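A.B. asks: Before we start, here is the structure in question, set down as structure tokens.
Read the figures in this text as sums done on the coordinates, not as results from a lab. What you are looking at is a predicted structure, and each value in this text was computed from that prediction instead of being measured. Here the Cβ positions follow ideal geometry from the backbone for every residue, glycine too, while neighbour counts run over all protein chains shown.
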Amino acid sequence: MKKESKDKQKKIDQEEIENREWIDSLDYVLDTSGEERAAQIIKKLQIHAQKRGVRLHFTANTPYINTLPVQKQPPYPGDPEIEWKIRSLIRWNAMAMVVRANRLEEGIGGHISTFASAAALYDVAFNHFLRGRNENHEGDIVYFQGHAAPGIYARAYLEGRLTIEDLQNFRSDLQPGGGLTSYPHPWLMPNFWQFPTVSMGLSPIMAIYQARFNRYLEDRGLKKPSDAKVWAFLGDGESDEPETLGAITLASRENLDNLIFVVNCNLQRLDGPVRGNGKIIQELEAIFRGAGWNVIKVIWGSNWDPLLSKDRDGILVKRMTQALDGDYQKYSVASGEYIRNHFFGTDPRLQDMVKDLSDTELQKLRRGGHDPEKIYPALKAAVENIGSPTVILAKTIKGYGLGEAGEGRNITHQQKKLNEDELKLFKKRFDIPISDEDVSRAPFYKPPDDSPEIKYLKERRKELGGYLPKREVICDPIKAPPEKLFEEFYKGSGKREVATTMAIVRMLAKMLKDKNIGKLIVPIVPDEARTFGMEALFRQVGIYSHVGQLYEPVDAQTLLYYKEAIDGQILEEGITEAGSMSSFIAAGTAYATHGINTIPFFIFYSMFGFQRIGDLIWAAGDMRCKGFMVGGTAGRTTLAGEGLQHQDGHSHLLAYPVPNLKAYDPAFAYEIAVIIQDGIRRMYVEQEDIFYYITVMNETYLQPPMPEGVKDGILKGMYKFRDSENKEAKLHAQLFGSGTILNEVLKAQEVLGEKYGVAADVWSITSYKELYRDGLEKERWNMLHPSEIKRVPYITECVKDSRGVFVAASDYVMALPDSISQWLPRPLVSLGTDGFGRSASRKALRDFFEVDWRYITLAVLAALTWEKKIEPKIVEKAIRDLDINPSKANPMIS
Ligand SMILES: Cc1ncc(C[n+]2csc(CCOP(=O)(O)OP(=O)(O)O)c2C)c(N)n1
Ligand SMILES: [Mg+2]
């Protein structure tokens, strides 16, 4: 040996001795004085080293091993053998459900491999942790990973809650009697699923805000304090969604120890590895630890324990930490020999460690997420953790048990078919008592009710309070708020100029004081309360904070100071529309989740509603959520100055597709009062599963008193606001206006009457969506009942005796009025705000978008020429008189 390499070897040996000495010393302290003392010493060493100039590399990571050491593992409380049998049956039935559905209907879809990887995680949770809701306990709230739905159905089948026909109708919703929905959808299975989770990322953020809302209900005395947990089962690929990680600091900041995430780290997503060149578990650990969560890693199964106990020098842990997810995925499909050479072959000492293990034994070294002995301690530690939320990062194999058919393969996510041989292998691996002749049919299998498996499974659920998932509405209707609460708004604002935003905030303040519904109102704002003039509510009802107000607010001496309180009522969410919407959903579904009729009012910048968080709004619809979404600063030309990104002229169009959402664009305070009063009645007295979107605007004007007999029309979408005063006129028009633009329409009505001899009637259109849906419904009925008396759309009925041309103007895109034009007796000319907004004054904006009184006047005159009622030259003169530039750029495309 050369001198140089001799020296090098000497140095290595020396270092080995040093390492050993330090570790032995630490072991001595651990054995004699315990963990706390050991931690103290390590901390002291760290500080000392830092003082001496040692720069420790910062890492939020711990080594790539289980967080809970084997010594701390509590004994397994259940019967592992019988649980394995149950789990195997669930695995089989979940797989069979997908395979059979795709045999019946090629391409119907479904997922086998997601649940296959998560089966043990769910099973341990179902058998030992997840509590059902009953008279004695409110039960845990569980967000199931959407693609794992077959496994949840398969368990419910063994529990006797679903029949074989149900299973056969997986992904066949339209079968007589209904089917089992592809994914969790409360809309389609309202007695089973509680939370739609399949749009990835929504379930984690909803779970966080749900856990916080549970605390809110307790702190405000609306619900008894409870140790119930909120569980969210997620995919590791799902953590790429911004919503998954975007709100995790709220959970730690609010010390939500009632929240547990279980991330099924099967290292794969749809196309391939989640982090082939890295390690998703380590990445997530650092993120969650950095955010203050209690992180529990469940990486290795029990048969790694003997190897780890031999690993005095840490070379195995080092190798574990070094290997990449891409490598681990490969090991899940590779031979024992490959694992020996590739994983253990990097160091002779590692090779030596496994020399007594056969290749088959190496292949069978299990991952933590498939080992109940390792899962149980993690879930137990999560449930017992105090002061912070917990995330369990469990390493699994995607498609576990599918063998050649997909285990660990990149194609596994899409695997829906197993051939006869693959089914046989599956059956053998999980010891399913089906004959070889039968296996190719992939029959469902359920042991008799008096079998030990079924008895055990039912016994466990009984012990834990009942079955899950289950959606059950046990909630009495509320007493409707008194008429007098809204009367002030019916009278108009007298000489005071008031914006509809101010009106709704005042209404909210009054409702908050009502002795029946006051405490049920949940105002939610994403840092926009001052924008909407709501700051008086800070003082009136307080801003919710679990810890109250630990500081003296800077404005303490003022009347309307920033008051935070434990029983504060406002949810001031900060700048997060997604978080606020999640709170809205938690509050708007509390009638079902908790039997509490909370009435959320989520007030936000209308531009950052539908187009930003449309998917959460869709999920709210699916969940049968109730409440009022209030889009403030609405209207493309009414919000002056803010420009292109802020000015909303289309949220109402985006509200069209949500089936159970009512959308209103009111012009006057009394319209809002009628809509809200009726909304509360429908949602909370009649208990209809609908919710509301109301836009309000910040332009001030005199709020007129409510005309007689218009309430019904306001709710249905339109009513005649003002007839023309010009009774002698030969020319006629019908003008539709909504929101603030109704004022422009009223001005046009005057001008048309006075200057152009046109008698124009003005209609307030409160909801194009309502009119549209009514029209569609009538038309459909007529199509299906050709011999019966035709049903007439409400809008047609309204205008049947009216005369003249139709012109509509709103602060929204023209598609809204155009959507109802088919039910008018004559053509409609629509004016709207298609195009990108501009920073400008209201007046300039309305000129730019061509929706002010001048353009409304022009549109009427133009329509009259098209009807051959007046000469084009009159219109030409009007264009000059109204100071309109005909060569002006088209706002829609400029
Ligand atoms: C928002 C959203 N985007 C895309 C999809 C389509 N999709 C369904 S499952 C899946 C991969 C899931 O991977 P992971 O979260 O790791 O779950 P696993 O099945 O591996 O447990 C994708 C992309 C979806 N359901 N939701
Ligand atoms: Mg995955």
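A.B. asks: With a cut-off of 12 Å, note down the residues of region 738-770 whose backbone N falls inside the zone around a label point 7 Å from the Cα of ASP723 toward its beta carbon.
C.D. replies: Only 761-762 pass the distance filter.
A.B. asks: If you don't mind, there's one more thing I want to ask. What residues of region 102-143 lie in the reach of a label at GLU218, counting those whose backbone N is under 16 Å from a point 7 Å from the Cα along Cα→Cβ?
C.D. replies: Backbone N within reach: 131, 137-142.
A.B. asks: Which semi-axes, in whole Å and largest first, does the equivalent ellipsoid of region 141-186 have when worked out from the alpha carbon gyration tensor as the square roots of 5 times its eigenvalues?
C.D. replies: Working: eigenvalues 58, 35, 14 Å².
Gyration-tensor ellipsoid for region 141-186: 17, 13, 8 Å.
A.B. asks: Give me the extension gain from LYS428 to SER358: residue separation times 0.36 nm, minus the current Cα-Cα distance, reported in nm with one decimal. Mind dumping the intermediate values first?
C.D. replies: Values: separation 70, 0.36 × 70 = 25.20 nm, distance 2.17 nm.
Extra length available between LYS428 and SER358 comes to 23.0 nm.
A.B. asks: Region 536-617: which chymotrypsin sites (Phe, Trp or Tyr not before Pro) are DSSP loop and have at most 13 other beta-carbon atoms within 10 angstrom? All intermediate terms of the calculation are to be shown ahead of the outcome.
C.D. replies: On the way: sites: PHE538, TYR544, TYR551, TYR561, TYR562, PHE584, TYR591, PHE601, PHE602, PHE604, TYR605, PHE608, PHE610; in loops: TYR551, TYR561, TYR562.
Taking region 536-617 and a limit of 13 other Cβ atoms within 10 Å, the loop chymotrypsin sites (Phe, Trp or Tyr not before Pro) found are TYR551.
A.B. asks: Taking the simple approach of a point 7 Å from Cα along Cα-to-Cβ for both LEU654 and GLU472, what is their distance in nm?
C.D. replies: So the label points at LEU654 and GLU472 sit 3.8 nm apart.
A.B. asks: What is the magnitude of the charge dipole of region 411-450 about its Cα centre, with +1 placed on the Cβ of each Lys and Arg, -1 on the Cβ of each Asp and Glu, and no other charges, expressed in debye to the nearest 20? Walk me through the numbers before you get to the answer.
C.D. replies: Values: 8 positive and 9 negative charges, 57 e Å.
For this selection, approximately 280 debye.
A.B. asks: Report the FRET efficiency, 1/(1 + (r/R0)^6), for GLN351 and GLU105, where r is their Cβ-Cβ distance and R0 is 51 Å, rounded to 0.05. It would help to have the intermediate numbers written out before the result.
C.D. replies: Details: r = 51 Å, r/R0 = 1.01.
E between GLN351 and GLU105, to the nearest 0.05, is 0.50.
A.B. asks: Where in the chain are the helices, taken as whole DSSP H runs, whose Cα atoms extend 30 angstrom or more along the long axis and whose Kyte-Doolittle mean reaches at least -1.0?
C.D. replies: Details: long enough: 3-33 (44 Å, -1.60); 80-104 (35 Å, -0.06).
Length and hydropathy pass: 80-104.
A.B. asks: How large is ³J(HN,Hα), in whole Hz, for each residue of region 169-180 in order, when computed from phi with the Karplus curve 6.51 cos²θ - 1.76 cosθ + 1.60 and θ = phi - 60°, using x for Gly and Pro?
C.D. replies: In residue order, the calculated couplings are 9, 4, 6, 10, 4, 8, 5, x, x, x, x, 9 Hz.
A.B. asks: To make sure I understand the rule: partners must be lysines, Cα under 19 Å from the Cα of LYS3, and not fewer than 8 residues away in the same chain. Which ones qualify?
C.D. replies: LYS11
A.B. asks: Here's something else I'd like to know. Just want to confirm a number: the relative contact order over region 135-182, from Cα pairs under 8 angstrom separated by 6+ residues, in percent.
C.D. replies: Numbers: 31 pairs, mean separation 10.2, N = 48.
Relative contact order comes out at 21 percent.
A.B. asks: Compute the separation of the alpha-carbon centres of region 90-136 and region 819-852 and state it in Å as a whole number.
C.D. replies: 52
A.B. asks: Suppose every Lys and Arg Cβ carries +1 and every Asp and Glu Cβ carries -1, with no other charges. What dipole size does the chain come out with about its Cα centre, to the nearest 20 debye? Each step should come with its number before you reach the end.
C.D. replies: On the way: 115 positive and 121 negative charges, 131 e Å.
Roughly 620 debye, rounded to the nearest 20.
A.B. asks: Taking 7 Å along the Cα-to-C-beta vector as the label spot, tell me the LEU644-SER226 distance in nanometres, rounded to one decimal.
C.D. replies: My value for the distance between the label points is 4.9 nm.
A.B. asks: Amide H neighbours of GLU407 under 5 Å, counting only residues 5+ apart in sequence or on other chains, H built in-plane at 1.01 Å?
C.D. replies: LEU402
A.B. asks: Cut-off under 15 Å on the C-alpha distance; same-chain residues fewer than 8 positions from LYS398 excluded. Which aspartates and glutamates are left, in chain and number order?
C.D. replies: LYS398 reaches ASP236, GLU238, ASP271, ASP325, ASP327, ASP371, GLU407.
A.B. asks: I need the GluC sites (Glu not before Pro) found in region 124-163, filtered to DSSP loop residues with at most 12 other beta carbons within 10 Å of theirs.
C.D. replies: Numbers: sites: GLU135, GLU138, GLU159; in loops: GLU135, GLU138, GLU159.
Hits after loop and neighbour filter: GLU135.
A.B. asks: Just tell me which lysines come within less than 19 Å, Cα to Cα, of LYS515; anything on the same chain fewer than 8 places away is out.
C.D. replies: LYS223, LYS479, LYS484
A.B. asks: Right, next: Take the alpha carbon gyration tensor of region 291-434, find the square roots of its eigenvalues, order them as a ≥ b ≥ c, and report rounded if a/c is under 1.5; if not, report prolate when a/b exceeds b/c, else oblate. Don't skip to the answer; put the middle values down first.
C.D. replies: On the way: a/c = 1.86, a/b = 1.12, b/c = 1.66.
Because a/c hits 1.5 or more and a/b fails to exceed b/c, region 291-434 counts as oblate.
A.B. asks: If we count every other residue with Cβ under 11 angstrom of GLY221's Cβ, Lys/Arg +1 and Asp/Glu -1, where does the sum land? Could you put the intermediate results ahead of the total?
C.D. replies: On the way: positive: ARG220, LYS223, LYS224, LYS519; negative: GLU218, ASP219, ASP567.
Surrounding charge for GLY221 is +1.
A.B. asks: In percent, what relative contact order does the chain have, based on Cα pairs under 8 Å that are 6 or more apart in sequence? Could you put the intermediate results ahead of the total?
C.D. replies: Details: 1678 pairs, mean separation 96.9, N = 894.
Relative contact order for the chain comes out at 11 percent.
A.B. asks: In addition: Could you work out how far the C-alpha centroid of region 357-402 sits from that of region 554-632, in angstrom?
C.D. replies: 37
A.B. asks: OK, next. How would you order 178-188, 144-154, 376-386 from highest to lowest mean count of nearby Cβ atoms within 10 Å?
C.D. replies: Numbers: 178-188: 20.6, 144-154: 26.0, 376-386: 18.5.
Ranked by mean Cβ neighbours within 10 Å, highest first: 144-154, 178-188, 376-386.
A.B. asks: Explain nothing, just the number: dipole magnitude of region 609-706 about its Cα centre with +1 on each Lys and Arg Cβ and -1 on each Asp and Glu Cβ, in debye rounded to the nearest 20.
C.D. replies: Details: 7 positive and 11 negative charges, 17 e Å.
The dipole of region 609-706 has a size of about 80 debye.
A.B. asks: Could you calculate the FRET efficiency of MET892 with LYS495 from 1/(1 + (r/R0)^6), where r is the beta carbon distance between them and R0 is 30 Å, rounded to 0.05? Display every interim value, and only then the final one.
C.D. replies: Working: r = 39 Å, r/R0 = 1.30.
Efficiency computed from Cβ-Cβ geometry: 0.15.
A.B. asks: If Rh is defined by the Kirkwood formula over all Cα pairs and Rg also comes from Cα, what ratio Rg/Rh do you get for region 830-886? Intermediate results must be reported in sequence, preceding the final value.
C.D. replies: Working: Rg = 12.5 Å, Rh = 12.1 Å.
For region 830-886, the value is 1.03.
A.B. asks: Ratio of alpha-carbon Rg to the 2.2 N^0.38 Å globular estimate for region 1-121, to two decimals, please.
C.D. replies: Values: Rg = 26.3 Å, N = 121, 2.2 N^0.38 = 13.6 Å.
After normalising by residue count via 2.2 N^0.38 Å, the value is 1.93.
A.B. asks: Among bridges DSSP assigns within region 135-274, what percent are antiparallel (round to 5)?
C.D. replies: Working: 1 of 11 bridges.
Of those bridges, close to 10 percent are antiparallel.
A.B. asks: Further question: Just report the Cα centroid separation between region 725-772 and region 634-698, whole Å.
C.D. replies: Each part reduced to its Cα centre gives a spacing of 22 Å.
A.B. asks: Would you calculate the separation in nanometres between label points at LEU559 and LYS730, each defined as 7 Å from the Cα along the Cα-to-beta-carbon direction?
C.D. replies: Roughly 6.0 nm, to one decimal.
A.B. asks: Among residues other than THR638 whose Cβ falls under 10 Å from its Cβ, what is the net charge (Lys/Arg +1, Asp/Glu -1)?
C.D. replies: Details: positive: ARG636, ARG842, ARG846; negative: ASP648, GLU699, ASP811.
Local net charge: 0.
A.B. asks: Restricting to the chain, what percent of DSSP beta bridges are antiparallel, rounded to 5? Write out the running numbers ahead of the final one.
C.D. replies: Details: 8 of 67 bridges.
Around 10 percent of the beta bridges assigned by DSSP in the chain are antiparallel ones.
A.B. asks: Hey, can you grab everything whose amide H is under 5 Å from the amide H of ILE596? Only 5+ residues off in sequence or another chain; H modelled, so Pro and N-termini drop out.
C.D. replies: When sequence neighbours closer than 5 places are left aside, the close amide H contacts are TYR591.
A.B. asks: Can you list the trypsin sites (Lys or Arg not before Pro) in region 855-894 that are in a DSSP coil and have 11 or fewer other beta carbons within 10 angstrom? Don't skip to the end; give the middle numbers.
C.D. replies: On the way: sites: LYS868, LYS869, LYS873, LYS877, ARG880, LYS888; in loops: LYS868, LYS869, LYS888.
Of the trypsin sites (Lys or Arg not before Pro), the ones in loops of region 855-894 whose Cβ has at most 11 other Cβ atoms within 10 Å are LYS868, LYS888.
A.B. asks: How high is the relative contact order of region 542-626, in percent, counting Cα pairs under 8 Å that sit 6 or more residues apart? Before the final figure, lay out the partial values.
C.D. replies: Working: 92 pairs, mean separation 21.6, N = 85.
Over region 542-626, the number comes to 25 percent.
A.B. asks: Could you state the per residue volume, in Å³, of the convex hull enclosing the Cα atoms of the chain?
C.D. replies: Details: hull volume 205.0 nm³, N = 894.
Given the Cα convex hull of the chain, per-residue volume reads 229 Å³.
A.B. asks: Could you work out [θ]222 nm for the chain from helices alone, using -39500 (n - 2.57) per DSSP H run of at least four and dividing by all its residues? Round to the nearest 500 deg cm²/dmol. Write out the running numbers ahead of the final one.
C.D. replies: Values: 35 runs with 373 residues, N = 894.
About -12500 deg cm²/dmol.
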